[in-house]
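What follows is a short report on a single structure.
The values are calculated or read from the model by the stated rules, or taken from the named source; none is laboratory data. Everything quoted here is computed from the prediction, not taken from an experiment. Note that we place each Cβ from the backbone using ideal geometry, even for glycine, and neighbour counts take in every protein chain shown.
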Amino acid sequence: MSAVAAAGTWKLGDLEVNRIGYGAMRLTGNGMMGNSDGTPIDRDVAVGLLHTAFEQGVNHIDTAAFYFSPLRSANELINRALSSWSGDVTVVTKVGPARDPSGEWLDTARPDQLRGQVEENLRQLGRDHLDVVNLRCGGPGTASVSEHFGALAELRRAGLIRHLGLSAVRPEQVTEALTIAPVVCVQNPYGLDWRRADESGLVDLCREQDIAFVPFFAVSGLRREAAAGRENDARVHSVARAHDATPAQVRLAWTLHRGPHVLAIPGTTNPAHLTENIAAGTLRLTEEQLAVLDGPCENVD
């Protein structure tokens with residue numbers, strides 16, 4: 001059994017994906033949504049990295065049209081990689097936030113502007129329809145999602161979108177969206193150091209509704225958009241030593257242990273880290289180790 005298969009699969013609607021996928025944000029540089037703090041990866045190297053992921057069984061890619069830097073667009077790199085790949089890969093993108101061509105952030109799209117964002121993703125990805133589109137909401141102050149999600153539901157009925165999801169939402173917004181159209185996935189920040197989705201009941205709600213819960217920042221934790229730094233949590237180090245694993249692998253394994261509906265989309269431009277991330281699916285944490293990780297943080301001296 002391959003490492004990626006060891007973690008199992010989940011269905012995004014009728015699209016079965018391996019639970020360990022790949023997040024494309026860092027293909028544009030190391031910064032969040034194109035605000036680069038690193039050197040953009042060479043185009044051919046990026047395509048090779050994506051092919052390596054596909055060869056190891058990754059068949060779920062997370063992206064967005066607003067993942068771009070002055071020299072790189074994640075969608076266009078994915079398009080190039082998929083054009084020379086014969087296997088099935090589910091591409092999940094997101095809409096809502098917007099940036100102008102220079103990279104400046106604009107106001108969140110109005111419901112009537114979402115079609116343009118969907119069409120932009122179609123053009124960049126070279127697709128006639130999008131596998132999954134997540135509505136990324138505006139954060140804690142956002143109330144109803146009905147108008148925006150309703151607009152995407154119309155595009156789904158028109159055949160431009162196959163399945164719908166949500167990102168950066170609260171449980172009540174998921175419940176509201178479900179009255180409009182099926183929701184196949186929810187993306188929220190979540191990890192060992194960031195458990196608001198547990199506290200709010202969102203992870204459990206997704207399990208009850210057979211919705212995939214797809215954490216972001218699962219490895220970087222409180223560093224959020226920044227690349228993962230030196231691991232300072234003694235709990236993670238102790239479990240990593242027991243498995244001869246890396247701290248990042250332990251963080252991913254902890255996340256996957258939260259439930260069979262929980263997926264992972266770690267991103268990297270390092271081929272060795274890519275293989276390590278995929279191998280995290282083979283880690284089987286004991287109840288004692290999970291209890292250690294769920295205990296109070298212990299900083300490395």
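Quick check on T63: is it of a type in the set (S, T, N, Q), under 24 Å from H163 (Cβ atoms), surrounded by fewer than 23 Cβ atoms within 10 Å (Cβ to Cβ) and touching a residue at least 24 places away in the same chain (Cβ under 8 Å)? Against the criterion (of a type in the set (S, T, N, Q), under 24 Å from H163 (Cβ atoms), surrounded by fewer than 23 Cβ atoms within 10 Å (Cβ to Cβ) and touching a residue at least 24 places away in the same chain (Cβ under 8 Å)), T63 does not qualify. In contact (Cβ under 8 Å) with a residue 12 or more places away in the chain, over 25 Å from L152 (Cβ atoms) and not hydroxyl-bearing (S, T, Y): is that true of R43 in this structure? Judged against the criteria, R43 is a match.
When residues in segment 172-196 are screened for being acidic (D, E), touching a helix residue (DSSP H, G or I) at 6+ places or on another chain (Cβ under 9 Å) and without any contact (Cβ under 8 Å) to a residue 60 or more places away in the chain, 1 of them pass.
Would you be able to tell me the number of residues in segment 232-286 that are part of a loop (DSSP other than H, G, I, E, B) and either of a type in the set (A, V, I, L, M) or touching a Pro at 6+ places or on another chain (Cβ under 7 Å) (or both)?
From segment 232-286, those part of a loop (DSSP other than H, G, I, E, B) are 232, 244-246, 257-261, 263, 265-270, 283-286; that's our starting set.
Then keep just the ones that are either of a type in the set (A, V, I, L, M) or touching a Pro at 6+ places or on another chain (Cβ under 7 Å) (or both); that gives 245, 263, 265, 283, 285.
Within segment 232-286, residues that are part of a loop (DSSP other than H, G, I, E, B) and either of a type in the set (A, V, I, L, M) or touching a Pro at 6+ places or on another chain (Cβ under 7 Å) (or both) number 5.
Criterion first (surrounded by fewer than 21 Cβ atoms within 10 Å (Cβ to Cβ) and touching a residue at least 24 places away in the same chain (Cβ under 8 Å)) does H51 satisfy it?
Working: surrounded by fewer than 21 Cβ atoms within 10 Å (Cβ to Cβ): yes; touching a residue at least 24 places away in the same chain (Cβ under 8 Å): yes.
Yes; evaluated as a whole, the condition is true for this residue.
Of the residues making up segment 179-204, those that are part of a helix (DSSP H, G or I) and either surrounded by fewer than 19 Cβ atoms within 10 Å (Cβ to Cβ) or modelled with pLDDT under 95 (or both) are R196, A197, D198, E199, D204. Counting only residues that are at pLDDT below 90 and either closer than 23 Å to R162 by Cβ or in a loop (DSSP other than H, G, I, E, B) (or both), segment 1-48 holds 13 of them. When H243 is tested against (1) under 18 Å from V58 (Cβ atoms); (2) surrounded by 15 or more Cβ atoms within 10 Å (Cβ to Cβ); (3) not aromatic (F, W, Y), just one condition goes unmet, and that condition is (1).
Only one entry in S102, S73, S83 is more than 26 Å from V183 (Cβ to Cβ) and crowded, with 19+ Cβ neighbours inside 10 Å, namely S73. Every residue in segment 87-108 that is within 23 Å of the chain's Cα centre (by Cα), at pLDDT below 95 and small (G, A, S), please. Residues satisfying the conditions are G87, A98, G103. I want to confirm something. Restricting to segment 158-171 and keeping residues that are among the aliphatic types (A, V, I, L, M) and touching a residue at least 40 places away in the same chain (Cβ under 8 Å), which single residue is surrounded by the most Cβ atoms within 10 Å (Cβ to Cβ)? Result: I161. Right, V174: crowded, with 16+ Cβ neighbours inside 10 Å and under 16 Å from C206 (Cβ atoms) or not? It is true that V174 is crowded, with 16+ Cβ neighbours inside 10 Å and under 16 Å from C206 (Cβ atoms). Of the residues making up segment 215-228, at least one is at pLDDT 95 or above and either within 30 Å of P40 (Cα to Cα) or not small (G, A, S) (or both). Residues in segment 127-178 that are in contact with a Ser or Thr (Cβ under 9 Å, 6 or more places away or on another chain), hydroxyl-bearing (S, T, Y) and at pLDDT below 95: 1 in all.
For the subset of segment 49-70 comprising residues that are of a type in the set (A, V, I, L, M) and either under 20 Å from V95 (Cα atoms) or modelled with pLDDT under 95 (or both), which member is farthest from the chain's Cα centre (by Cα)? Spell out how you get there, then give the answer.
Keep residues of segment 49-70 that are of a type in the set (A, V, I, L, M), which gives 49-50, 53, 58, 61, 64-65.
Then keep just the ones that are either under 20 Å from V95 (Cα atoms) or modelled with pLDDT under 95 (or both); that gives 61, 64-65.
On the way: I61: 8, A64: 10, A65: 14 Å.
Here the answer is A65.
Here are some conditions: (1) crowded, with 23+ Cβ neighbours inside 10 Å; (2) at pLDDT 95 or above. D210 meets all but one. Which one does it not meet? With (1) crowded, with 23+ Cβ neighbours inside 10 Å; (2) at pLDDT 95 or above applied to D210, the lone miss is (1). With a requirement of 3 or more residues that are hydrophobic (A, V, I, L, M, F, W, C), the strands (runs of 3 or more DSSP E) lying completely within segment 49-163 that satisfy it span 90-95, 130-136. When segment 232-273 is filtered for residues that are farther than 20 Å from R26 by Cβ, touching a strand residue (DSSP E or B) at 6+ places or on another chain (Cβ under 9 Å) and among the β-branched types (V, I, T), only V262 remains.
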